[in-house]
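S.K.: There's a structure below that I have some questions on.
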Amino acid sequence: MADEKGFTLWFTGLSGAGKTTISRIVEQELRARGSKVEVLDGDVVRENLSKGLGFSKEDRDTNIRRIAFVADLLSRNGVPVITAAISPYREIRDEARQLMGDRFIEVFVKASVEVCAERDVKGLYEKAFKGEIKEFTGVSDPYEPPLDPDLTLDTEHDSADEDAAQVLSLLEERQLIPAAQPA
């Protein structure tokens, strides 16, 4: 789409809350509608853009600032961006919002630590509960939920498809994407 509007969908939530799953569904739908969307997944960014960073607060802040910098570059040039990173600290998310202004859409992917631990296929929560992983968000390190997100998705009660539909509906309401065409 030549007239595409840039924005950043900033998915935040605990590990295992559903950020990546929902963002993939949204990405697929945006691509099906002709969008040139870019995805900045926390794990992928950490491997490529933030390699060598640890999980101290300072390193996490640096990682999130890097994601925000790239998201800002892309979105201000008309590219829709999806970020899916825990981004546990409110202050840094607020920095990202300030950087991008009305192009920043904060989506809180809400799920309890207990539910996220049940979903955890990598066994990270189990290791964190045993103290084998230090600085694990939601267990031994804080997660600061957004105070006023643009959208809250309750993944304990809604399916990933239902949550993705809410995101797409918000984008349509804000006229950032065209409405879906009936099949």
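The values are calculated or read from the model by the stated rules, or taken from the named source; none is laboratory data. Since the model is a prediction, treat every value here as computed from it, not as a measurement. With ideal geometry, Cβ positions are generated from the backbone for all residues, glycine too; neighbour counts draw on all protein chains shown. Note: accessible area is taken over every heavy atom of the protein model, side chains too, but ligands, DNA and RNA are not part of it. Shrake-Rupley method; radii C 1.70, N 1.55, O 1.52, S 1.80 Å.
S.K.: Check GLU126, GLU132 and return the single one that is loosely packed, with under 14 Cβ neighbours inside 10 Å, outside any loop (DSSP other than H, G, I, E, B) and either hydrophobic (A, V, I, L, M, F, W, C) or without any contact (Cβ under 8 Å) to a residue 24 or more places away in the chain (or both).
M.R.: Going through GLU126, GLU132 in turn, just one is loosely packed, with under 14 Cβ neighbours inside 10 Å, outside any loop (DSSP other than H, G, I, E, B) and either hydrophobic (A, V, I, L, M, F, W, C) or without any contact (Cβ under 8 Å) to a residue 24 or more places away in the chain (or both): GLU126.
S.K.: Give ALA96, ALA71, ALA111 a once-over and let me know the one that is in contact (Cβ under 8 Å) with a residue 60 or more places away in the chain and within 13 Å of LEU14 (Cα to Cα).
M.R.: Going through ALA96, ALA71, ALA111 in turn, the sole match is ALA111.
S.K.: Further question: Which of the residues belonging to segment 143-155 are exposed (fewer than 13 other Cβ atoms within 10 Å of the Cβ) and either more than 19 Å from LEU171 (Cβ to Cβ) or hydroxyl-bearing (Ser, Thr, Tyr) (or both)?
M.R.: LEU147
S.K.: Return the residues of segment 3-34 that are farther than 20 Å from ILE64 by Cα, part of a helix (DSSP H, G or I), in contact (Cβ under 8 Å) with a residue 24 or more places away in the chain and open to solvent by 50 Å² or more (accessible area, probe 1.4 Å); say none if nothing qualifies.
M.R.: GLU29
S.K.: OK, next. Just give me the residues in segment 74-90 being open to solvent by 60 Å² or more (accessible area, probe 1.4 Å) and either touching a Cys at 6+ places or on another chain (Cβ under 9 Å) or farther than 22 Å from LEU147 by Cα (or both), in sequence order.
M.R.: Correct list: ARG76, ASN77.
S.K.: So, one more: Based on this model, can you work out whether LEU53 counts as open to solvent by 30 Å² or more (accessible area, probe 1.4 Å), over 22 Å from PRO178 (Cα atoms) and among the aliphatic types (A, V, I, L, M)?
M.R.: In short, yes.
S.K.: Just need a number here: residues in segment 110-123 that are open to solvent by 50 Å² or more (accessible area, probe 1.4 Å) and part of a loop (DSSP other than H, G, I, E, B).
M.R.: Residues meeting the conditions: 2.
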